[in-house]
Structures are given as C-alpha cells and as structure tokens.
Amino acid sequence: MKIGFYLKWPKGYSGTKGCNILGDELYAASMCRTLLKSESIDSAEIYTPDFLPKEKLDVMIYLNDILPQREWAKKHLLYFQNAYGEGSDKVLEKFHQADYDGYAFISNRLLDIHREAGYQGLFLPFGVNTDHFYPRKKDNRYDFAVAYIGNDIKGEARTARYLLPAAPFRFGLFGNWPYPGPSKKQRILFWKHYDPIPEYKKLFYRISKGKIPQEDVPILYSSAKINLNCTAQDCVDWDVITLRTFEVLACRGFLITDKVPVAEKTMQGCMVFTDGDNDLTQKIEYYKDHEHEREKIAQIGYEYTLSHASLTSRMNELSAYLEEIL
C-alpha cells in the first residue's frame with residue numbers, strides 16, 4: 001500500500017520564525033516512519049503544496065482542511081485532528097460536503113455525530129512515538145521547577161488560568177511568544193486604535209526561551225520537575241487527550257494538566273489534574289518539593305502510555321481501516 005499524508009503548508013514551515021503550527025509535520029513524519037515498519041506498507045510520505053506525488057497513491061490522508069484531489073490517489077481520508085475556534089462540529093458539517101472516502105477522528109464525541117449523520121469512520125486518538133519520546137538522563141540545562149512548550153494560541157482566558165500561575169517559579173517557557181504589541185512609534189501615532197495588551201503577553205515575551213530543538217524536547221520532559229499541559233478549548237469541548245500528554249508521560253515526566261473528561265475517567269493516577277489559577281499555584285508549590293510523589297505518579301503515567309497509547313498500535317488500527325476502504 002502506498003500512503004501519503006497531505007499538509008497545506010510547505011515542508012519545514014513549522015520550523016520558521018513566528019510560525020504557530022501545532023506540529024502537524026512532526027506528527028505526520030512519525031506516522032510515516034511507524035507505518036513503514038509494516039510489510040503491508042510500500043511507501044508512506046508527506047506531501048505539501050511544494051511537494052506533490054509523482055504517481056497515483058493508494059490513499060492520501062489529509063491532516064488539514066483540504067478538499068480531496070482525485071488525481072493524487074485512489075482513496076482519500078480526512079484525519080480530523082486539528083482544533084477549530086468556530087467549533088469542530090460546525091467544521092465537520094463542511095467536511096461532509098467534500099466527499100472523502102473515509103474519516104478518522106481524535107474525538108469519540110465527534111465520531112458519534114459523524115455516524116449519526118450517516119457516515120462511517122475510525123476513532124484514531126493520538127499515539128506517541130516511543131522511538132523518540134522515552135525517559136532520558138536528566139540535564140541541568142532543563143532542570144526547571146516548571147516547564148511548558150507551546151505558543152500563544154490558546155486564548156487569554158486559558159493561558160492566564162493554566163500557564164500564568166507558573167511564572168513566579170523557575171519557569172522554562174519555550175515556543176513562539178512574540179512581542180505582543182505595536183512599536184513605540186506606532187503607539188504614539190495610533191494609540192487609540194490598539195486594545196490594551198494582556199499582562200501575560202508582556203511577561204511571556206520577556207521570559208520565553210524561544211523554540212527548543214526537537215531532539216531536546218524529551219530531555220526537557222525528563223528533566224523538569226513539573227511539566228504543564230494547557231488544552232485548547234475546542235479539544236476540551238470534544239473530549240480529546242492531547243499528544244503532549246502522552247509525549248510527557250512516555251518520557252516518565254511528571255505532568256499537571258487541565259481537565260478533560262475522558263482523561264479524568266481513564267487516566268486517574270497517571271498525572272495531576274488542576275482547575276488552574278490558585279489551585280495550580282498550590283499544586284506547583286506542593287509537587288516541586290515532593291520528589292517521591294512525583295516519581296510515583298510519573299511511573300504510573302509512563303506504564304499506561306506504553307500499554308495504551310503507542311503510535312505503533314494506532315498505526316496498526318489505521319492500516320486495518322485503510323484496507324477496508326480500498
């Protein structure tokens with residue numbers, strides 16, 4: 001079987017300055033490498049607007065909101081794995097008009113709506129690439145009390161609630177946190193046209209350590225005392241466990257996360273859940289000084305992730321589904 005993963009951004013775009021893309025290319029690359037371990041897969045490649053297939057594939061899997069291009073492959077599958085500010089259910093209605101041959105979802109709730117509308121699909125939650133994300137030797141460069149990798153795309157309310165409380169601690173904040181407002185000259189000339197800048201934007205711009213090399217991400221997760229997870233509201237609404245959750249746990253990292261119902265139901269004891277704000281401050285204060293408890297919880301999360309959330313098992317499920325629709 002010849003498989004393609006299509007991204008609407010050029011290759012390497014996620015590594016460019018100022019980019020807020022959520023790692024689609026990195027995840028697609030991991031899926032390709034994992035699929036290629038199977039004897040039934042002849043090829044698995046990432047395609048983009050600047051790199052199109054030279055011959056017709058068996059299946060093209062679309063990771064973004066792209067209409068199927070029939071000349072590229074025999075069959076076309078939408079992997080609905082992005083968050084949408086307008087609501088994923090609204091976006092799904094538009095995708096139903098695109099006539100894909102198959103659909104895969106990271107949300108069981110969205111899959112239920114999809115099936116109620118008369119369509120078939122696959123529940124394919126995120127899986128972690130354990131060839132890259134595994135426990136590493138602690139590194140003093142990343143010995144932070146609290147750490148987070150991300151970008152300013154979760155919105156003021158969630159960022160202030162679930163990340164800002166970490167600022168008073170030894171906070172390793174990585175990612176793209178650009179200068180939040182106009183230049184001094186623009187403020188003087190056009191100050192009436194600019195809304196007040198949230199305080200967290202100013203602070204995070206000052207303390208951000210910039211982008212972290214991908215090869216160092218597992219080292220950070222293994223080295224920081226506490227890792228944070230802040231989930232996009234759309235993912236909370238549709239009951240999605242984020243990829244970051246599994247990546248941290250696969251490194252035997254200790255994680256404090258905001259609440260997602262399916263995670264609270266299936267992963268109790270694997271990590272610590274928080275309501276944010278003062279609750280998060282109190283939990284950071286407590287766990288940063290209780291190493292034994294951190295290690296105990298991190299070990300449970302590590303064992304759960306290896307048993308239930310490996311990318312190998314996810315790709316086996318995907319391969320079986322692709323065989324059905326071909």
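The values are calculated or read from the model by the stated rules, or taken from the named source; none is laboratory data. Only a predicted model underlies this, so the values are computations on that prediction, with no experimental measurement involved. Ideal geometry is used to build each Cβ from the backbone, glycine not excepted, and the neighbour counts take in all protein chains shown.
Annotation note: of 148, 134, 119, the sole residue that is in the same structural domain as residue 76 (by TED's automatic domain parsing) and either touching a helix residue (DSSP H, G or I) at 6+ places or on another chain (Cβ under 6 Å) or in contact (Cβ under 8 Å) with a residue 12 or more places away in the chain (or both) is 119. When 150, 155, 118 are checked against the criterion of being at pLDDT below 95 and more than 21 Å from the chain's Cα centre (by Cα), 118 stands alone in meeting it. Does residue 130 satisfy being under 19 Å from the mean Cα position of the chain (by Cα), part of a loop (DSSP other than H, G, I, E, B) and closer than 25 Å to residue 294 by Cα? Yes, satisfied. The single condition among (1) of a type in the set (D, E, K, R); (2) in contact (Cβ under 8 Å) with a residue 40 or more places away in the chain; (3) closer than 20 Å to residue 128 by Cβ that residue 303 does not satisfy is (2). Residue count for the range 231-285 under the criterion of being under 21 Å from residue 219 (Cα atoms) and in a helix (DSSP H, G or I): the result is 9.
Annotation: residue 30 fulfils all but one of (1) at pLDDT 95 or above; (2) more than 23 Å from residue 175 (Cβ to Cβ); the unmet one is (2).
Take residue 141 and decide whether it is outside any loop (DSSP other than H, G, I, E, B) and touching a helix residue (DSSP H, G or I) at 6+ places or on another chain (Cβ under 9 Å). The answer is yes for residue 141. Does the range 173-186 include one or more residues that are touching a residue at least 40 places away in the same chain (Cβ under 8 Å) and not assigned by TED's automatic domain parsing to the domain that holds residue 246? So far as the range 173-186 goes, no, none of its residues is touching a residue at least 40 places away in the same chain (Cβ under 8 Å) and not assigned by TED's automatic domain parsing to the domain that holds residue 246. Quick one: is residue 299 out of contact with any Leu (no Cβ under 7 Å at 6 or more places or on another chain), closer than 25 Å to residue 233 by Cα, at pLDDT 95 or above and not β-branched (Val, Ile, Thr)? The answer is no for residue 299.
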